[in-house]
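Structure below; questions to follow.
The values are calculated or read from the model by the stated rules, or taken from the named source; none is laboratory data. Please read all numbers here as calculations on a predicted model, not as lab measurements. Ideal geometry is used to build each Cβ from the backbone, glycine not excepted, and the neighbour counts take in all protein chains shown. Note: accessible area is taken over every heavy atom of the protein model, side chains too, but ligands, DNA and RNA are not part of it. Shrake-Rupley method; radii C 1.70, N 1.55, O 1.52, S 1.80 Å.
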Amino acid sequence: SCVILDLAGEPAEAFLIDANLPRLWHSFKAKLATGRDDVSAVAAGLRTVINFYKRPPSTAAFGPDVPVLISGDHSLPSKAVATLEHLVGHPFGVLSAPARVPAEIRHGTYLACLGLIMRRR
């Protein structure tokens, strides 16, 4: 279980994965007019996804130890990551690129979409 955060595009995207299945996808505005990522907007977008998934009558055990993985396409300064951990209440990590994937392919989005397609079958 994890939340994958993709800040590479506009809007930003969050994919919530629980029990190895993609459960939610949410896009949200995360950039300031200057083009920099706004930490409070990113935190609000992530909290929206997590709180929506945990709302009643859900029986999801999506605890505070479930990590938020930032897509390797985009990185945040360590101070911003520490602030996000505090605001969201989940640990953050980096989602590394899978082996043998060209750098120009946004693998996080591709894999999440593939998972959503597989879930419908």
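Within the set of pairs 6+ apart or on separate chains, which have a first residue in the range 43-55 that is closer than 10 Å to Ala30 by Cβ, a second that is open to solvent by 40 Å² or more (accessible area, probe 1.4 Å) and part of a helix (DSSP H, G or I), and C-beta atoms under 6 Å apart?
Ala43/Leu87
Next up: Look through the range 63-82, keep the residues that are out of contact with any Leu (no Cβ under 8 Å at 6 or more places or on another chain) and closer than 16 Å to Leu21 by Cα, and return whichever of them is most open to solvent (accessible area, probe 1.4 Å).
Checking each candidate, the answer is Pro67.
Something else: Can you pull out the residues in the range 1-14 that are under 12 Å from the mean Cα position of the chain (by Cα) and either under 16 Å from Gly63 (Cα atoms) or of a type outside the set (A, V, I, L, M, F, W, C) (or both)?
Scanning the range 1-14 gives Ser1, Cys2, Val3, Ile4, Asp6, Glu13.
If you don't mind, there's one more thing I want to ask. Please determine whether any residue of the range 18-25 is loosely packed, with under 15 Cβ neighbours inside 10 Å and farther than 23 Å from Arg119 by Cβ.
No, because not a single residue in the range 18-25 is loosely packed, with under 15 Cβ neighbours inside 10 Å and farther than 23 Å from Arg119 by Cβ.
Go through the range 2-23 and give me each residue that's at pLDDT below 90 and in contact with a strand residue (DSSP E or B) (Cβ under 8 Å, 6 or more places away or on another chain).
Passing the criteria: Asp6, Leu7, Ala8, Glu10, Pro11, Ala12, Pro22, Arg23.
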